[in-house]
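J.: Take a look at this one; I'll ask things after.
The values are calculated or read from the model by the stated rules, or taken from the named source; none is laboratory data. On a predicted model such as this, the values are computed, not experimentally measured, just so you know. Note: ideal-geometry Cβ built from the backbone for every residue, glycine included; neighbour counts use all protein chains shown. Note: areas computed on protein heavy atoms with side chains; ligands, DNA, RNA excluded. Shrake-Rupley method; radii C 1.70, N 1.55, O 1.52, S 1.80 Å.
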Amino acid sequence: MAEVTAGRPTQAHRRARSRNALLEAAARGLSRHGYANLALERVAAEAGYTRGALYHQFAGKEELALAVVRWVGETWTAEVGDQADAEPDPVEALLLMARGHAVYCRRDVAGVIRVLGVEFAGRDHPVGRAVAEVVDGLTADVARRVTAGRRTGALAPGPPPHDTALAFLGALEGLVSQLAGRAPYDVELAERAVRGVLGLPVGTGGPPREDLRQA
């Protein structure tokens, strides 16, 4: 049996492949149009599947959007968060996060959290709660590193760590939303912006790191 099926995708593999394609197409749609204007037929067509195939994977728009929020969180963690977590120095970890986020935002799926956060602000909705959970977790991570950096003296005292974390993320997200895809200056300016928030010297900067020039 192994010889017969060798090289042929299994049903589980095909299902995973179609699910990933649908999530990526839905992430693009949510980034461009938001939740209210997301058309499931368009999502399925862009992914290369029928609407029936989409409903075989997801019960409806809400379940799909919740899955997209989780998927974006997972991809961001794999491409950005894990690199920051591997850096023991809290200040360098914050700068890695800023540079890595700028690279991540070159992708056309990166606006999901920002767009949904605005759309569901002040509303009690499962999608809004899922987005808030992602943002709250990221804010806590930044605040923890700010606290650690101040404890070692690498960062000067300043506003409360939570407020500094909100300013860090606000400056970073606002910048990359305007400069997304404008490599390599998106990376350089992202670092400059968060250095300002953290009270770090902002130099003229050299050429962006080679590993961050490509998405």
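J.: Which of the residues belonging to the range 130-166 are of a type in the set (Gly, Ala, Ser) and more than 17 Å from Leu96 (Cα to Cα)?
T.: Ala130, Ala132, Gly137, Gly153, Ala156, Gly158
J.: Please identify the pairs in which a residue from the range 148-175 that is touching a residue at least 60 places away in the same chain (Cβ under 8 Å) and within 17 Å of Pro90 (Cα to Cα) has its Cβ atom under 6 Å from the Cβ atom of a residue that is open to solvent by 30 Å² or more (accessible area, probe 1.4 Å) and in a helix (DSSP H, G or I), counting only partners at least 6 apart or on another chain.
T.: Phe168/Val197
J.: Additional query: If only one of Arg42, Arg51 is in contact with a helix residue (DSSP H, G or I) (Cβ under 6 Å, 6 or more places away or on another chain) and not β-branched (Val, Ile, Thr), which one is it? Before you say what the answer is, go through the steps one by one.
T.: Working: Arg42 fails: in contact with a helix residue (DSSP H, G or I) (Cβ under 6 Å, 6 or more places away or on another chain).
From the options Arg42, Arg51, the qualifying one is Arg51.
J.: While we're looking at this one, here's another question. Search the range 155-185 for residues being open to solvent by 40 Å² or more (accessible area, probe 1.4 Å) and among the polar types (S, T, N, Q), and hand back the single one that is farthest from Val118 (Cα to Cα).
T.: Per the criteria, the residue is Gln178.
J.: Further question: Test Thr75 against the criterion of being open to solvent by less than 40 Å² (accessible area, probe 1.4 Å), among the polar types (S, T, N, Q) and out of contact with any Leu (no Cβ under 9 Å at 6 or more places or on another chain), and give yes or no.
T.: Values: open to solvent by less than 40 Å² (accessible area, probe 1.4 Å): yes; among the polar types (S, T, N, Q): yes; out of contact with any Leu (no Cβ under 9 Å at 6 or more places or on another chain): yes.
Spelling it out, Thr75 is indeed open to solvent by less than 40 Å² (accessible area, probe 1.4 Å), among the polar types (S, T, N, Q) and out of contact with any Leu (no Cβ under 9 Å at 6 or more places or on another chain).
J.: Further, regarding this structure: Residues Ala53, Ala102, Ala84, Ala93: which one is open to solvent by less than 40 Å² (accessible area, probe 1.4 Å), over 23 Å from Leu200 (Cα atoms) and of a type in the set (Gly, Ala, Ser)? Can you show your working first?
T.: Values: Ala102 fails: over 23 Å from Leu200 (Cα atoms); Ala84 fails: over 23 Å from Leu200 (Cα atoms); Ala93 fails: over 23 Å from Leu200 (Cα atoms).
So the residue among Ala53, Ala102, Ala84, Ala93 that is open to solvent by less than 40 Å² (accessible area, probe 1.4 Å), over 23 Å from Leu200 (Cα atoms) and of a type in the set (Gly, Ala, Ser) is Ala53.
J.: Anything in the range 25-47 that is open to solvent by 60 Å² or more (accessible area, probe 1.4 Å) and not hydrophobic (A, V, I, L, M, F, W, C)? List them, or say none. Steps first, answer last, please.
T.: Step one: of the range 25-47, the residues open to solvent by 60 Å² or more (accessible area, probe 1.4 Å) are 32-33, 36-37, 41-42, 45-46.
Once the filter is applied, which keeps residues that are open to solvent by 60 Å² or more (accessible area, probe 1.4 Å) and not hydrophobic (A, V, I, L, M, F, W, C), the range 25-47 yields Arg32, His33, Asn37, Glu41, Arg42, Glu46.
J.: Which numbered condition trips up Arg51, out of (1) over 19 Å from the mean Cα position of the chain (by Cα); (2) modelled with pLDDT of 95 or more?
T.: Arg51 satisfies every listed condition except (2).
J.: If you don't mind, there's one more thing I want to ask. Being open to solvent by 40 Å² or more (accessible area, probe 1.4 Å), over 25 Å from Arg28 (Cα atoms) and at pLDDT below 95: is that true of Arg195 here? Reasoning before the result, please.
T.: Details: open to solvent by 40 Å² or more (accessible area, probe 1.4 Å): yes; over 25 Å from Arg28 (Cα atoms): yes; at pLDDT below 95: no.
No, not satisfied.
J.: It is to be established whether one or more residues within the range 107-126 are under 15 Å from Ala165 (Cβ atoms) and crowded, with 22+ Cβ neighbours inside 10 Å. Give the steps one after another, and end with the answer.
T.: First, pick out the residues of the range 107-126 that are under 15 Å from Ala165 (Cβ atoms): none.
Checked the range 107-126: no residue is under 15 Å from Ala165 (Cβ atoms) and crowded, with 22+ Cβ neighbours inside 10 Å.
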